[in-house]
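Quick note: the coordinates plus some simple rules give every number you see, no bench work behind them. Since the structure is predicted, the reported quantities are computational estimates derived from the model, not experimental observations. Cβ placement follows ideal geometry from the backbone for every residue including glycine, while neighbour counts extend to all protein chains displayed.
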Amino acid sequence: MLKVGVLGAGHLGKIHLRLLKQSEKYDLVGFFDPIKENAVKVEKEFGYKSFDTIEALIDAVDVVDIVTPTLSHFDCAKQAIEKGKHIFIEKPITNTIEEAQTLVELIKKHNVKGQVGHVERFNPAFTAVKDSIHNPMFIETHRLAEFNPRGTDVPVVLDLMIHDIDVILSVVKSKVKNIKSSGVSVISDTPDIANARIEFENGCVANLTASRISLKNMRKSRFFQKDAYIAVDFFEKATEVVKMKDAPEVPGDFDMILQNAEGIKKQIYFENPTIEANNAILDELETFADAINNNTTPVVTLQQGTEALIVAHEIINNF
């Protein structure tokens, strides 16, 4: 079991603490939160050991789980890496691209592992179909959330859209060619609703919409590729897979057949992949433990987190 400590005991930090406590792959040593009243409250309420300084916590563990506000990600990660500790860092990886690139170099230099908390990669609806997504040429995503003051210190692109950016970059095996975007500030100082069009060198186009002032929650992505349409509902944890194949010589009574202008007939059929219930946050933390113990590449590397951040910043800069 790896000794782990958590930096930050806010809303998400408390979730990480609870899951690490129940994990069989980690030994939760404790946490550090700079807000003394919060640290005392969390220690008293849940029984986790509160450390007085960030240095003391880092010294006591093998793995540092960074669940602090984005602005402090870099400083926390740098301290941990330079002491030879593995780091799990919540998304977005850092506040600036330069900070992210520095962390990528630091983990190489100090020979430690790093993973970014892009949790949608572990959503059971996505994991059920990701191996069926081959060379998508059009992608559409909608990530809408009801207003919550948490997260409004950063643009909606870094708060919400970055989830979809990471998922898209993980399935499109091509470099970004061009980005167009627009954003509107409604209630915050930074954009609350944004749309982006990402064009890739291989011809794929992704159209992303994110809003944190919606009347309902929605997290849906649709992938269009040759002979297939794949929809992923990250919120409801459901999928829809529609595929086409050459029509049989003699169709059955219930076969769905389409014929185009050239007379080519295709049969439409549906797949229902098995969606296995999971806790995505626990899964991402435990796969990181596996990567450390087996000396393998983490599912979401710091380099991938950096690439998602680069695209996110380009979207923001184009507003």
Given Cβ point charges of +1 (Lys, Arg) and -1 (Asp, Glu) and nothing else, what value in debye, to the nearest 20, does the dipole of the chain about its Cα centre take? 120
FRET efficiency for Glu105 and His142, using Cβ-Cβ distance with R0 set to 45 Å, rounded to 0.05: 0.80
Difference of contour (0.36 nm per residue) and Cα-Cα distance, Asn317 to Lys226: 29.5 nm
Suppose every K and R has +1 on its Cβ and every D and E has -1 on its Cβ; what is the size of the dipole of segment 23-94 about the Cα centre, in Debye to the nearest 20? 120
So how far apart, in nm, are the two label points at Asn207 and Phe270 if each is 7 Å from Cα heading toward Cβ? 2.5
Going 7 Å from the Cα of Ser72 toward and past its Cβ, which residues in segment 1-37 have a backbone nitrogen under 11 Å from where you end up? 7-10, 32-36
Which value at 222 nm does the chain reach when only helices count, each DSSP H run of 4 or more adding -39,500 (n - 2.57), with the total divided by all residues and rounded to the nearest 500 deg cm²/dmol? -9500 deg cm²/dmol
Under the Debye formula (equal points on every Cα, no solvent term), log10 I(q)/I(0) of the chain at q = 0.10 Å⁻¹: -0.62
GluC sites (Glu not before Pro) in segment 217-319 lying in a DSSP loop, each with at most 16 other Cβ atoms within 10 Å of its Cβ, come to Glu236, Glu249, Glu262, Glu276
Relative contact order, percent, the chain [alpha-carbon distance under 8 Å, six or more residues apart]: 18
List residues of segment 299-314, by number, whose backbone nitrogen lies under 20 Å from a label position 7 Å along Cα→C-beta of Ile97. 301-314
Translational diffusion of segment 1-135, µm² s⁻¹ [Kirkwood Rh, Cα pairs; Stokes-Einstein; 37 °C; 0.692 mPa s]: 211
Rounded to the nearest 0.05, what FRET efficiency do Asn278 and Asp255 have when you use their Cβ-Cβ distance and R0 = 45 Å? 0.80
Would you mind checking Lys226/Lys265; Lys21/Lys44; Lys177/Lys245; Lys177/Lys265; Lys113/Lys177 for any pair whose Cα atoms are more than 26 angstrom apart? Lys177/Lys245; Lys177/Lys265; Lys113/Lys177
